[in-house]
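Novice: Below is the structure I would like to discuss, written out as structure tokens.
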Amino acid sequence: MGNVSLYLEMIRIRFLMMLAYRTNYYSGILIYSINIGAYYFLWQAIYGAQDNIAGMSVSQMTTYVAVAWMARAFYFNNIDREIANEIQEGKVAIEMIRPYHYLGVKTMQGLGEGLFRLLFFSVPGMVIIWLAFPIDFSNSLNVWILFFVSIIFAFIVNTQLNLLTGILTFFLLYNTGLIRGKRVIIDLFSGLLLPISFYPLWAQDIMGFLPFQAISYIPSMIFTEGFVGAEVYSALGIQLFWSLFLIIPIQLLWMVARKQLIVQGG
Amino acid sequence: MFYFSIFFQYAAQYLKTRLSYRTDLVIELFSDLLSQAVNLIFILVVFGHTTLLAGWNREEIIFIYGFFLVPYALFSSFFNIWDFNDRYIVKGEMDRVLTRPIHSLFQIVIERMELESMFGAVTGIVIMFYAGSRLGMELSWYDPFVFFVFVVGGAFIYAGIFISLAAISFWSDSKTDIMPMMYNIGNYGRYPVDIYNSVIRFVLTWVLPFAFVGVYPAAFFLGRSEWYGYAFLTPLMGVIFLGLAIFLWNAGVKRYRGAGN
Amino acid sequence: MNVIEVKDLRKEFTSYSSRSGLKGAFRDLFTRNYKILRAVDDISLQVKQGEMVGYIGENGAGKSTTIKMLTGILTPTSGEVMVNGMNPHKEREKFVQTIGVVFGQRSQLWWDIAVQESFRLLKKVYKVSDEDYDTHMKEVIETLEIGPLLDKPVRKLSLGQRMRCELAAALIHNPPLLFLDEPTIGLDVLVKMKIRGFLKEINRKYKTTILLTTHDLADIEALCERVVLLDEGSIIYDGRLDELQKNWVEGKQVHFEFQHAVEKSQLEEVSTHFDVKWRCGERENQWIAMIDGDDDAISKLMSQVMLHHSISDVKINRVSTEEIIRNIYEEGINHG
């Protein structure tokens, strides 16, 4: 990690790039708000006269939806597609001879993008949502701190999955199907669309063994105080486990991919 | 006639290329199926906790979803332009498109088509028949014709919205991250619009009229007569939105600044 | 008959300048500094049928912008354009049927499919009949020697091979007017020569008018009798290439390479009777004499210099086009 200043520069550049597109910025806030708004009403209708489904109240659910989408603005990035494109266009071979770790650079670019959205989408977006809909924000500083720790893990796990999907392009050559599939699976199994506690028990058991819950379900549950006490720390433990565990397949695939790149010459 | 023959030429080439990356094709078909399943799962899970959604039951909501899949499949087969800005403007492919004697939008449609997305229509029809039989629906002689008109209208609406978004790239150098988000908004047209408040209902009906690609036309087949008026507006809205989009596109092409420099 | 008729053509782009730093970028979200940039500044130009015209200028001089307006890609801000009797951007689809375009840095061909499949698609796109295609393309394919490449996918071709195929693709409908934007960029000398030979051939045979931009002036020297020089959006020279050479630098250059170090003053001393200017060469102990006068003067100068300083090499050169053009850009057209 002798390259800290280089990576910081990468984050900064990406940040500036995002700022340069202002139509994107304004429309982004608008679309995010419409999205969360529509979801809010959908959930109101689903709850109907019931005040509690699967242990969550209407207002908890609304907060869950809002925070899940806003957190998504932070952890979401397109580096899987970027890597795939760079592989197909043969640019990765050039990246390999540069004095930095390609995957590290991609991660930092994703982080720059994420930070941008967090500060310029999520924060103003949350204010708009908070004005428009009845949402409960916790007044415990502790919850906010744990939530921020948790979305950092969410970013790490999601980015790792993106790196994995991206690297697979080396072996598949054409990779749009996989990228799309991964996105769908993450939407469903991460708890973005539905809290995992809503699923039938057998499905919850399976999801407990998968890394996707670390992306959306855990941070959102921490924020809505659906998790309390020891639950919070074991949830963070799960996130930590996946963040470390996923390094293994990434490193393995990357080594094989590099070897293949050297043999084929790109 | 010329455009038809060109279309088939491109389609043949497309299939040839696509079949040479078979692994990806299989994964893609699978992931399409998966994404269709995801929405179905959402409905099923939700109805595991409730019986009615604003007075609509589970099978009705599933039927709406099945209907939605058909125009959506048509749209995503031919209007794969969500990355238009990146692919054609930033990378300058638009220069090449404009040196060929075919309308530029049509060229992009045929260059970017993804015929395998048509399988979504099959899924949709299967879902409709499943839900329809559970609801005891009967098929009248005119239903297939009405269905066809509504499907085309719905696909036009989708196409119109996305072409307009793509055309924005001619004016602004902006990256359009809006496109992927727009796909999400499209999903809200699949639920009965009376669950939303008036602002969102207005948006989904007149501004981004995704309700015409889901609940309004499907209401006709479900016999929900209170929505018939909207249902029959579907083809008209389709023509208007696509027409506006093409107008916007043509105006945009005149503003095209070229790549690089 | 004029194939290209351009009058007071102008193209302006609005652009905004970004403020620097994070604070600046943030301010840009709300207000921006716009400015108007004139890429092409009221140029007028006529090209007759069968001409081969070299269009040259530095990067950003407005070459590509002009070509893009002539091909209907860009809409001019003001001025008149008539190409092949049509207004390019107004009747775009009908118009492009009558031109061929090659962008050296952009491919016309489909990346994943065999070259001949691309040709077949383009043949449909340009509505070329089977007979026309067979007779015309057979020749093109033969002259460009791309026969063996036809069943290979484009991504497997080398740059030189691909460029020849690009050229063939642009000629499928046998257009009377051909635009080439940097057609030889990145190619090796052999491929360049092959392409030049081919362009001469179609110009001779079909009277194809060719407008060419390039950074390689050897292309222009080999092909074009007429050059148009562009600087900051304006035409600074439009005329015959040989006249440019004649008017610009009279006389010749003599390159001396001396055996030991020589001072400029020493050289000037021995050549006081000649109309000569000395400048230091790029190599060690090399001096270049630019001399006005006839061959007699040159040989007298040489013997005079050699009498006083021993040399290891001497060369007499005509001033190269590249040097002339470099001079024009450095000193302005009004110098000579």
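All of the numbers you see were taken from the coordinates with simple rules; none came from a lab. All of these numbers come straight from a predicted model, not from anything done at the bench. Quick reminder, even Gly has a Cβ in these numbers, built from the backbone with ideal geometry, and neighbours come from all protein chains shown.
Novice: Divide the volume of the convex hull of the Cα atoms of the range A:2-259 by its number of residues and quote the answer in cubic angstrom per residue.
Specialist: On the way: hull volume 37.2 nm³, N = 258.
Residue-normalised Cα hull volume stands at 144 Å³.
Novice: Run the numbers on the range C:2-245 and let me know its relative contact order in percent, using alpha-carbon pairs under 8 Å that are six or more apart.
Specialist: So the answer I get is 26 percent.
Novice: Write out the chymotrypsin sites (Phe, Trp or Tyr not before Pro) in the range C:92-149 meeting two conditions: DSSP loop, and at most 16 other Cβ atoms within 10 Å of their Cβ.
Specialist: Answer by residue number: C:Trp111.
Novice: So if the hydrodynamic radius of chain C is defined as the Kirkwood radius over C-alpha pairs, what does Stokes-Einstein give as its diffusion coefficient at 25 °C and 0.890 mPa s, in µm² per second?
Specialist: Result for D is 106 µm²/s.
Novice: So what is the relative contact order for the range A:39-141, in percent, with contacts set as C-alpha pairs under 8 Å and at least six apart?
Specialist: Normalised by residue count, the contact order of the range A:39-141 is 38 percent.
Novice: Also, quick follow-up: Using a simple charge model, +1 on the beta-carbon of Lys and Arg, -1 on the beta-carbon of Asp and Glu, nothing else, what dipole does the range C:1-64 show about its Cα centre, in debye to the nearest 20? Walk me through the numbers before you get to the answer.
Specialist: Details: 11 positive and 8 negative charges, 100 e Å.
Dipole magnitude for the range C:1-64 comes out near 480 debye.
Novice: Now a separate question. Just A:Asn158, A:Asn142, A:Asn175 to compare: in a GNM of chain A, with alpha carbon springs under 10 Å, which one fluctuates most?
Specialist: A:Asn142
Novice: So, one more: Take the alpha-carbon positions of chain B, form their convex hull, and give its projected area averaged over all directions (one quarter of the hull surface) in nm².
Specialist: 15.6
Novice: Check each of the GluC sites (Glu not before Pro) in the range C:101-150 and keep only those in coil by DSSP with at most 16 other C-beta atoms within 10 angstrom; list them in order.
Specialist: Passing both the DSSP loop test and the Cβ count: C:Glu145.
Novice: With springs connecting C-alpha atoms under 10 Å apart, model chain C as a Gaussian network and identify which of C:Met302, C:Met193, C:Met52 has the largest mean-square fluctuation.
Specialist: C:Met302
Novice: If you don't mind, another one. Mean-square fluctuation check for chain B, GNM, Cα pairs under 10 Å: which of B:Ile81, B:Ile161, B:Ile240 is largest?
Specialist: B:Ile240
Novice: Ok, one more. Show that you can apply the helix-only estimate: for the protein assembly as shown, add -39,500 (n - 2.57) for every DSSP H stretch of four or more residues, divide by all residues, and state [θ] at 222 nm to the nearest 500.
Specialist: -18500 deg cm²/dmol
Novice: Assuming a viscosity of 0.890 mPa s and a temperature of 25 °C, what translational diffusion coefficient in µm² per second does Stokes-Einstein assign to the protein assembly as shown, Rh being the Kirkwood radius over Cα pairs? Write out the running numbers ahead of the final one.
Specialist: Values: Rh = 31.3 Å.
Reported coefficient: 78 µm²/s.
Novice: Round to the nearest 0.05 the FRET efficiency obtained for B:Tyr183 and C:Lys48 when R0 = 51 Å and r is the Cβ-Cβ distance.
Specialist: So the FRET efficiency works out to roughly 0.40.
Novice: For the range B:1-125, what does the alpha-carbon gyration tensor say about shape, rounded, prolate or oblate, given a ≥ b ≥ c as the root eigenvalues, a/c under 1.5 as rounded, and a/b over b/c as prolate? Mind showing how you got there, number by number?
Specialist: Values: a/c = 2.50, a/b = 2.23, b/c = 1.12.
In terms of gyration-tensor shape, prolate.
Novice: Report the trypsin sites (Lys or Arg not before Pro) located in the range C:278-316 that are in a DSSP loop and have at most 15 other Cβ atoms inside 10 Å of their Cβ, or state none.
Specialist: Values: sites: C:Arg279, C:Arg283, C:Lys300, C:Lys315; in loops: C:Arg283.
Answer in residue order: C:Arg283.
Novice: Over all alpha-carbon pairs of the range C:250-318, lay out the pair-distance distribution in 5 Å bins, whole %, shortest bin first.
Specialist: Final binned percentages: 3, 18, 34, 28, 13, 2.
Novice: Continuing with the same structure: Suppose we flag chymotrypsin sites (Phe, Trp or Tyr not before Pro) only when DSSP calls them loop and at most 13 other Cβ atoms lie within 10 Å. Which is the longest uninterrupted stretch of chain B?
Specialist: Between the exposed loop sites, the longest stretch runs B:1-140.
Novice: Something else now. What relative contact order, as a whole-number percentage, does chain A give when Cα pairs under 8 Å and 6 or more residues apart are counted? Each step should come with its number before you reach the end.
Specialist: Details: 274 pairs, mean separation 70.4, N = 266.
After rounding, I find 26 percent.
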